[in-house]
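What follows is one structure encoded as C-alpha coordinates, with my remarks underneath.
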Amino acid sequence: MNWGSNAVTVTDVRGRVISWSSAGTCGFRGTRKGAHFAAQTASGNAIRAVTDQGMQRAEVMIKGPGLGRDTSLRAIRRSGILFHYSNCKD
(Lines give C-alpha, C1' and ligand atoms only; values in the text may rest on other atoms or scores of the structure.)
Protein backbone atom coordinates (compact mmCIF):
# COMPACT_ATOMS: atom_id res chain seq x y z
CA MET A 1 0.00 0.00 0.00
CA ASN A 2 1.17 3.51 -0.58
CA TRP A 3 1.27 6.19 2.10
CA GLY A 4 -1.99 7.84 1.01
CA SER A 5 -4.20 4.79 1.33
CA ASN A 6 -6.03 3.24 4.28
CA ALA A 7 -6.05 -0.52 4.79
CA VAL A 8 -7.56 -2.59 7.60
CA THR A 9 -6.71 -6.23 8.29
CA VAL A 10 -8.43 -8.39 10.92
CA THR A 11 -6.49 -11.48 12.03
CA ASP A 12 -6.96 -14.24 14.56
CA VAL A 13 -4.59 -14.74 17.49
CA ARG A 14 -2.19 -16.70 15.27
CA GLY A 15 -2.00 -13.89 12.74
CA ARG A 16 -4.12 -15.51 10.03
CA VAL A 17 -6.23 -13.03 8.09
CA ILE A 18 -9.96 -13.28 8.78
CA SER A 19 -11.12 -10.13 7.02
CA TRP A 20 -9.59 -7.15 5.28
CA SER A 21 -10.67 -4.00 3.54
CA SER A 22 -9.03 -0.94 2.04
CA ALA A 23 -10.08 2.45 0.81
CA GLY A 24 -9.55 1.26 -2.76
CA THR A 25 -11.84 -1.76 -2.38
CA CYS A 26 -14.48 0.57 -0.92
CA GLY A 27 -14.46 2.59 -4.13
CA PHE A 28 -12.23 5.52 -3.19
CA ARG A 29 -9.76 6.64 -5.85
CA GLY A 30 -6.82 9.02 -5.98
CA THR A 31 -6.28 11.38 -3.07
CA ARG A 32 -9.62 10.41 -1.53
CA LYS A 33 -8.07 7.05 -0.52
CA GLY A 34 -6.13 8.88 2.20
CA ALA A 35 -9.14 10.71 3.63
CA HIS A 36 -10.49 10.02 7.10
CA PHE A 37 -13.89 9.02 5.71
CA ALA A 38 -12.19 6.36 3.58
CA ALA A 39 -10.54 4.94 6.73
CA GLN A 40 -13.90 4.89 8.51
CA THR A 41 -15.54 3.07 5.62
CA ALA A 42 -12.73 0.51 5.28
CA SER A 43 -12.71 -0.16 9.04
CA GLY A 44 -16.47 -0.53 9.12
CA ASN A 45 -16.44 -3.04 6.25
CA ALA A 46 -13.68 -5.18 7.79
CA ILE A 47 -15.26 -5.16 11.26
CA ARG A 48 -18.78 -5.84 9.97
CA ALA A 49 -17.57 -9.05 8.35
CA VAL A 50 -16.14 -10.42 11.62
CA THR A 51 -19.01 -9.29 13.85
CA ASP A 52 -21.36 -11.15 11.51
CA GLN A 53 -19.23 -14.25 12.25
CA GLY A 54 -19.64 -13.72 16.01
CA MET A 55 -16.42 -11.94 17.04
CA GLN A 56 -16.96 -10.01 20.27
CA ARG A 57 -13.45 -9.00 21.43
CA ALA A 58 -10.34 -7.76 19.70
CA GLU A 59 -6.92 -6.25 20.24
CA VAL A 60 -6.37 -3.26 18.00
CA MET A 61 -3.00 -2.15 16.64
CA ILE A 62 -2.86 0.86 14.37
CA LYS A 63 0.22 1.47 12.27
CA GLY A 64 1.24 4.38 10.09
CA PRO A 65 0.63 8.11 9.82
CA GLY A 66 -2.42 9.94 8.60
CA LEU A 67 -5.91 11.06 9.35
CA GLY A 68 -7.34 7.55 9.37
CA ARG A 69 -5.94 6.44 12.73
CA ASP A 70 -8.49 8.08 15.02
CA THR A 71 -11.34 7.61 12.59
CA SER A 72 -10.63 3.88 12.36
CA LEU A 73 -10.70 3.57 16.14
CA ARG A 74 -14.03 5.39 16.30
CA ALA A 75 -15.49 3.05 13.66
CA ILE A 76 -14.33 0.02 15.65
CA ARG A 77 -15.74 1.47 18.87
CA ARG A 78 -19.14 2.04 17.21
CA SER A 79 -19.23 -1.58 15.99
CA GLY A 80 -19.85 -2.84 19.52
CA ILE A 81 -16.72 -4.98 19.72
CA LEU A 82 -14.89 -4.81 23.04
CA PHE A 83 -11.30 -3.94 22.25
CA HIS A 84 -7.92 -3.28 23.76
CA TYR A 85 -5.76 -0.73 21.99
CA SER A 86 -2.04 -1.44 21.64
CA ASN A 87 0.00 1.46 20.34
CA CYS A 88 2.20 0.36 17.44
CA LYS A 89 5.43 2.21 16.71
CA ASP A 90 5.42 3.64 13.18
(message) Can you compute the charge dipole magnitude of segment 18-81 about its Cα centre, using +1 on each Lys and Arg Cβ and -1 on each Asp and Glu Cβ, nothing else charged? Give it in debye, rounded to the nearest 20.
(response) 180
(request) Express in % the proportion of alpha carbon pairs of the chain at distances exceeding 20 Å. (result) 28
(message) Charges on Cβ only, +1 for Lys and Arg, -1 for Asp and Glu, centred on the Cα centroid of the chain; of Ser5, Val60, Ser21, which one is farthest towards the dipole's positive end?
(response) Ser5
(message) Running a GNM on the chain with Cα contacts under 10 Å, which residue among Val50, Val13, Val60 ends up with the highest mean-square fluctuation?
(response) Val13
(request) Roll a 1.4 Å probe over the protein chains and send me the accessible area per residue for the chain in Å². (result) 68
(request) For n ≥ 4 DSSP H runs only, could you compute -39500 (n - 2.57) per run for the chain, divide by its residues and tell me the 222 nm figure to the nearest 500? (result) -10000 deg cm²/dmol
(message) Order Lys63, Lys33 by their accessible area, 1.4 angstrom probe, all chains in place, largest first.
(response) Lys63, Lys33
(request) Within segment 24-38, which residues have the backbone N less than 11 Å from the label spot 7 Å out from Arg74 along Cα→beta-carbon, could you tell me? (result) 36-37
(message) Taking 0.36 nm per residue of sequence separation and subtracting the Cα-Cα distance, how much length would be gained by fully extending the chain between Ile81 and Arg32, in nm to one decimal?
(response) 14.9 nm
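The values are calculated or read from the model by the stated rules, or taken from the named source; none is laboratory data. Since the model is a prediction, treat every value here as computed from it, not as a measurement. All Cβ positions, even for glycine, are placed from backbone atoms using ideal geometry, and neighbour counts span all protein chains on display. Heads up: the accessible areas ignore ligands, DNA and RNA and are worked out on the full protein's heavy atoms, side chains in. Shrake-Rupley method; radii C 1.70, N 1.55, O 1.52, S 1.80 Å.
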